[in-house]
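Structure first, commentary second.
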Amino acid sequence: MPASTNLSSLALGAACLALAAGCAVGPDFKRPDVQVPTAFKENAGWKVAAPDDGVKRGPWWEVFNDPVLNELEGRVETSNQSILQAVANYEEARQIVRSDRTGYLPTVAATGSADRTRSPAATYAPGHALTSTLYTGELQASWEPDIWGKLRRTVEADVANAQASAADLALARLSTQATLAQDYIGLRTTDDKIRLLEVTVEAYKRTLKITQNKYAVGVAAKSDVITAQTQLDSTRAQLIAAGVQRAQYEHAMAVLVGNAPSEFSIARTPAIGLSIPEVPAQLASTLLERRPDIAAAERLAAAANAKIGIQTAAYFPSLSLSGTGGYEGSPLSQLFTAPFRFWTLGAQATDSLLDWGQRHDLVLSARAAYEATAANYRQTVLTALQQVEDNLAGLRLLKEEAEVEDAAVNEAAQAAQIALNEYNAGTVDFTTVATAQVTELTNRETALGIIQSQLTSSVALIQALGGGWKTDDLPRS
């Protein structure tokens, strides 16, 4: 048969196989079913976000209107090592996709050789040895058509894994940003606590002076002076402890922005300066498109589903096509001429006739792995719903608690002042004053703690709602 006929037949066969390759065995992926309520239980009284809301469209942390926080959050993206690790993990997954996609194309290799031989003289003519050189140039090509879709399922799994890595990157970014915001809130509320304790220390110094003066003129017991001194020293110790806590917040923030703690500091401000934002809630169903951890879990389920097809393809025979062409001869000057040309074409099919159930077991294993990822996806959705409900409830109840605590602070301050006045008048002992002052300080500290909880819960709610991220941000190609 002429070579041209062979080549035409091979090309026709390859075209038929390429058409047949439209079939990929195994199930196509469908998002696992999960029950999502139409609305959040704790959403009563909350404004639902709408496309035309006049809320900020920039980075989510700008709702706190703090320029220092804005500057720190901007440094996280390029300096935080956890985020950079997630970036590298995503790049690794992306390159795996690129590598496996090359399997769609044939592989081509080239070889060349030159062999020089010397034959014994007696073989040809006495006293004359014969030398010769054989030159070879060869191209080899092979291709395995993806008839059953094993390669396509592999690439499908790779793409899903890469998208999961991209979602993990978004999750790492959001988590780091939220942690930084919460640490910053902790630092600023600690600043307020330090200011409160500094004012209290000065007030207690004045109270101690009063008891010392009364003791000096014999109208107060020595125990009053000791109690006042103990109260002052205890508050000083609290002030030192607050300084330690502030330093720890500062060190934690340094690491988050990629700095050594010794190279990072934040100046104290006259007041906390952070306002509690109004966070518009969303419909519960939008969480499926807004949470990067849900997207990552869904993409891992898609990857596991594709691996069922990979294992199912092992039931079917594989076919590989190969061809070789080149020139072989001597001398070199005539190598690339028709008489020295050679070529070969071949096809090979392989199939396993008896594997003792191995392929069946691997398919069942892949299906079980998919069910595990589907269950993880459903659990991730349920956890996300819980987190939103927790923070909605927390913010609603913290607002009520703040109103009650503000009243308690005012009442405790009045009681402390009245007790001090009565002590100066000699109508009550100093224990009444000390108790009232401690009650006032405790209530003021509690009020600060509630403000911190409101601010951190606002961050947590924004984080639970996805921080403005959406699944459309996932890479598609």
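The values are calculated or read from the model by the stated rules, or taken from the named source; none is laboratory data. Quick caveat, the model's predicted, so the values are computed rather than measured. Counting neighbours? That spans all protein chains shown, and the Cβs are built from the backbone with ideal geometry, glycine included.
Key figures for this structure:
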{"item": "Every residue from region 244-273 that is buried (at least 16 other Cβ atoms within 10 Å of the Cβ), small (Gly, Ala, Ser) and outside any helix (DSSP H, G or I)", "result": "Gly258"}
{"item": "Near pairs, Cβ below 7 angstrom, 6+ apart or cross-chain, from region 416-435 (closer than 12 Å to Asp224 by Cα) to any residue that is hydrophobic (A, V, I, L, M, F, W, C) and part of a helix (DSSP H, G or I)", "result": "Tyr423/Phe430; Tyr423/Val433; Val428/Ala419; Phe430/Ala228; Thr432/Ala419; Val433/Ala419; Val433/Leu420"}
{"item": "Qualifying residue in region 216-239 (condition: of a type in the set (A, V, I, L, M, F, W, C) and touching an Asp or Glu at 6+ places or on another chain (Cβ under 7 Å))", "result": "yes"}
{"item": "Filter result for Ser262 (farther than 20 Å from Leu385 by Cα and either more than 24 Å from the chain's Cα centre (by Cα) or among the hydroxyl-bearing types (Ser, Thr, Tyr) (or both))", "result": "yes"}
{"item": "Residues (in a helix (DSSP H, G or I) and among the acidic types (Asp, Glu)) located in region 396-446", "result": "Glu400, Glu401, Glu403, Glu405, Asp406, Glu411, Glu422, Glu440, Glu445"}
{"item": "Hits in region 41-78 (condition: within 15 Å of the chain's Cα centre (by Cα) and modelled with pLDDT of 90 or more)", "result": "Val76"}
{"item": "Residue within region 305-316 that is in a strand (DSSP E or B) and at pLDDT 85 or above present", "result": "no"}
{"item": "Failed item in (1) out of contact with any helix residue (DSSP H, G or I) (no Cβ under 8 Å at 6 or more places or on another chain); (2) under 30 Å from Gly137 (Cβ atoms); (3) touching a residue at least 40 places away in the same chain (Cβ under 8 Å), with Gln348 passing the rest", "result": "(3)"}
{"item": "Test: Glu91 is exposed (fewer than 15 other Cβ atoms within 10 Å of the Cβ) and at pLDDT 85 or above", "result": "yes"}
{"item": "So Ala203, is it within 18 Å of the chain's Cα centre (by Cα), in a helix (DSSP H, G or I) and in contact (Cβ under 8 Å) with a residue 24 or more places away in the chain", "result": "no"}
{"item": "Among (1) under 22 Å from the mean Cα position of the chain (by Cα); (2) surrounded by 15 or more Cβ atoms within 10 Å (Cβ to Cβ); (3) at pLDDT below 95, the one test that Glu289 misses", "result": "(2)"}
{"item": "Selection from region 130-147 of residues that are in contact with a Phe, Trp or Tyr (Cβ under 8 Å, 6 or more places away or on another chain), of a type outside the set (Ser, Thr, Tyr) and more than 30 Å from Ser318 (Cβ to Cβ)", "result": "Leu130, Gly137"}
{"item": "Conditions (1) at pLDDT 85 or above; (2) within 23 Å of Thr456 (Cβ to Cβ); (3) surrounded by fewer than 19 Cβ atoms within 10 Å (Cβ to Cβ): number failed by Leu321", "result": "(2)"}
{"item": "Residues that are among the β-branched types (Val, Ile, Thr) and assigned to a loop (DSSP other than H, G, I, E, B), drawn from region 274-289", "result": "Ile276, Val279"}
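Results for (1) assigned to a helix (DSSP H, G or I); (2) surrounded by 21 or more Cβ atoms within 10 Å (Cβ to Cβ); (3) touching a Cys at 6+ places or on another chain (Cβ under 7 Å); (4) at pLDDT 95 or above, shown as yes or no for each residue.
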site: Asp146; (1), (2), (3), (4): no, yes, no, no
site: Leu180; (1), (2), (3), (4): yes, yes, no, yes
site: Ile194; (1), (2), (3), (4): yes, no, no, yes
site: Lys214; (1), (2), (3), (4): yes, no, no, no
site: Ala228; (1), (2), (3), (4): yes, yes, no, yes
